[in-house]
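The values are calculated or read from the model by the stated rules, or taken from the named source; none is laboratory data. All figures in this text were calculated on a predicted structure; none of them were measured in a lab. For neighbour counting, all protein chains shown are included, and Cβ atoms are generated from backbone atoms with ideal geometry for every residue, glycine included. Just the protein is used for accessible areas: all its heavy atoms, side chains included, with ligands, DNA and RNA removed. Shrake-Rupley method; radii C 1.70, N 1.55, O 1.52, S 1.80 Å.
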Amino acid sequence: MALSKEQIAQRIAKEVKDGYYVNLGIGIPTLVANFVRDDISVEFQSENGILGMGPFPFEGEEDPDLINAGKQTITALPGASFFDSTMSFGMIRGQHVDLTILGAMEVSQNGDIANWKIPGKMVKGMGGAMDLVASAENIIVAMMHTNRDGESKLLKECSLPLTGVKCVKKIVTNLAVLEIIDGKFHLLERAPGISVEEIIKATEGDLIVNGNIIEMKF
Amino acid sequence: MIKKTVANVREACEGIKDEMTFMLGGFGLCGIPENIIGELVRKNIQNVTCISNNAGVDDFGLGLLLKKHQIKKMISSYVGENAEFERQMLSGEMEVELIPQGTLAQRCEAARSGIPAFYTPAGYGTEVAEGKETREFHGKMYVMEKAFEADFSFVKAWKGDEAGNLIFKGTARNFNPAMCGAGKITVAEVEELVPVGELDPNQIHIPGIFIQRIFQGEKYEKRIEQLTVRKRN
């Protein structure tokens with residue numbers, strides 16, 4: 001079975017280490033917060049200006065002056081801080097944020113990522129994604145392995161306008177966990193019940209498969 | 001004490017004209033200068049360029065100006081929530097420059113601080129960097145970005161005093177501080193305007209030197225864009 005969005009988030013949560021400051025993108029990445037082990041200390045940064053972001057507020061306690069980058073109402077945990085956009089992106093570009101998790105429309109085998117524009121069709125903008133991918137040392141992409149037509153989103157070269165070049169190191173899809181090393185995808189783990197052959201078929205870019213590929217457990 | 005107070009939003013917006021460039025604070029609908037936007041709509045000024053992270057929603061925020069076709073050009077980082085915006089952009093009725101969010105903030109900050117340009121890694125190797133100077137520092141490539149030039153900065157703060165000192169609340173701070181002093185004239189609207197001496201100087205986020213006009217907004221709707229809550233157990 002391919003992973004659900006929650007399971008993708010659950011698998012990525014294992015990459016979050018004690019003491020990390022983490023920026024979560026919109027969509028699947030936001031779900032990662034729900035699966036981080038509670039015996040480690042992690043702080044979530046939202047680029048609109050909060051460090052120490054907490055869960056959604058209880059009904060009736062929402063504050064219009066307290067939102068995340070997805071414009072959702074949130075809470076601030078004890079120890080949280082607010083700051084302006086300039087300082088927020090200073091944290092990001094200055095590499096003070098340890099891990100960035102974001103979604104993608106396409107990723108190429110040399111680590112390029114495209115996630116902000118489909119020419120003539122969808123132009124929402126890059127938001128903070130270009131700043132994040134250009135600066136972060138540690139980027140994990142959460143995405144579906146293929147699009148609605150079954151075409152691979154892990155490509156030799158991206159076809160859509162790029163968000164950043166040679167920046168993605170790790171990808172967690174509904175089918176597999178992959179790493180990018182020396183311009184190629186490397187298969188690390190497979191979703192429960194998904195064969196290596198199925199992953200090869202769903203990957204357009206060069207895919208290296210070395211030895212026995214472990215099956216993820218949930 | 002140099003007094004910055006004006007009586008109301010009409011006085012605060014004196015001198016705005018067609019074809020001008022405005023900076024407007026806010027992230028989504030959070031921390032936007034609601035009263036000033038209302039005045040821009042009422043005065044029906046035309047062909048303006050707006051520098052703002054987002055473009056509001058169809059019936060609130062900058063969406064109100066969009067609906068009346070008052071905006072010639074938008075400079076933003078994310079415009080996903082506005083159907084009318086997307087229509088005007090794709091049909092070519094309105095010019096749009098999409099730039100990375102950190103670059104947008106820094107171009108405001110640079111304008112305020114007398115820095116004509118700076119280098120950032122954001123957008124290198126993408127269409128955002130096309131036609132721009134690039135340069136290598138310590139083995140990494142950067143794109144040169146220039147400070148904005150704007151006629152007015154319109155910001156919204158939580159509290160302010162008669163000297164123009166400002167305090168922001170929560171994530172309503174966002175782009176507002178970087179825009180203070182970045183335009184030729186900065187107009188601040190606040191929820192609560194207090195006499196000088198009432199704000200603790202230790203707590204002030206933006207000193208009054210960057211503000212030319214300040215007034216207390218008549219009312220604030222503070223619309224929530226995405227209401228997300230959890231149930232009590």
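Just a few scattered comments:
- Of the residues making up segment B:105-136, those losing 10 Å² or more of accessible area when the isolated chain is joined by the remaining protein chains, with a 1.4 Å probe, are B:ALA105, B:GLN106, B:GLU109, B:THR120, B:PRO121, B:ALA122, B:GLY123, B:TYR124, B:GLY125, B:THR126, B:GLU127, B:VAL128.
- Under the combined filter of DSSP loop state and at most 15 neighbouring Cβ atoms within 10 Å, segment A:1-75 retains these GluC sites (Glu not before Pro): A:GLU59, A:GLU61.
- Each principal axis of the Cα cloud of segment B:106-207 was evaluated for its coordinate range; sorted largest first, these ranges are 51, 27, 21 Å.
- The label point for B:GLU149 and the one for A:SER195, both projected 7 Å from the Cα toward the Cβ, are 6.5 nm apart.
- Loop-located trypsin sites (Lys or Arg not before Pro) in segment A:92-127, at most 10 other Cβ atoms within 10 Å (DSSP): A:LYS121
- Extending 7 Å from Cα along the Cβ direction at B:LYS169 and again at A:LYS17 yields two label points whose distance is 4.1 nm.
- Dipole axis of chain A (+1 Lys, Arg; -1 Asp, Glu on Cβ), positive-most option in A:LEU99, A:LEU51, A:TRP116: A:TRP116
- Ellipsoid semi-axes for chain B, based on the Cα gyration tensor and the rule √(5λ), read 28, 22, 19 Å when sorted largest first.
- For chain A, alpha-carbon Rg relative to the globular expectation (2.2 N^0.38 Å, N residues): 1.02
- Mean separation of Cα contacts under 8 Å, 6 or more apart, over the residue count of chain A: relative contact order %: 19 percent
- Using a probe radius of 1.4 angstrom, the carbon and sulfur fraction of the accessible surface of segment A:5-215 is 49%.
- Selection of trypsin sites (Lys or Arg not before Pro), segment A:1-49, meeting DSSP coil and at most 16 other Cβ within 10 Å: A:LYS14, A:LYS17, A:ARG37
- Buried accessible surface for the B/A pair, both sides summed and rounded to the nearest 100, is 4300 Å² with a 1.4 Å probe.
- Relative contact order [Cα under 8 Å, 6+ residues apart], segment A:1-70, whole percent: 29 percent
- Solvent-accessible surface (1.4 angstrom probe) belonging to A:SER81, in square angstrom, nearest 10: 50 Å²
- Between A:LYS156 and A:GLU61, the contour length at 0.36 nm per residue exceeds the alpha carbon distance by 29.4 nm.
- Treating r as the C-beta distance of B:GLU136 and B:ASN233 and R0 as 56 Å, the FRET efficiency rounds to 0.50.
- Helical contribution to [θ] at 222 nm, DSSP H n ≥ 4, -39,500 (n - 2.57), averaged over the protein assembly as shown, rounded to 500: -4500 deg cm²/dmol
- Modelled spin labels at A:ASP39 and B:ASP200, positioned 7 Å past Cα toward Cβ, are 4.0 nm from each other.
- Test item: Cα-centred dipole of the protein assembly as shown, Lys/Arg +1 and Asp/Glu -1 on Cβ, debye: 180 debye
- The mean of 1/r over all pairs of different alpha-carbon atoms in segment A:58-180, once inverted, gives a Kirkwood hydrodynamic radius of 16.1 Å.
- Proportion of all alpha-carbon pairs of the protein assembly as shown beyond 42 Å (%): 17 percent
- Projecting the Cα atoms of A:ALA9, A:SER135, A:VAL42 onto the dipole axis of segment A:5-215, where Lys and Arg carry +1 and Asp and Glu carry -1 at the beta carbon, places A:SER135 farthest toward the positive end.
- A:PHE185 long-range amide H proximity, modeled H, under 5 Å: A:ASP206, A:ILE208
- Förster-model FRET efficiency, 56 Å R0, B:HIS69 and A:ASN212, C-beta, rounded to 0.05: 0.35
- Look at the alpha carbon pairs under 8 Å that are at least 6 residues apart: their mean separation over the length of segment A:134-218 gives a relative contact order of 29 percent.
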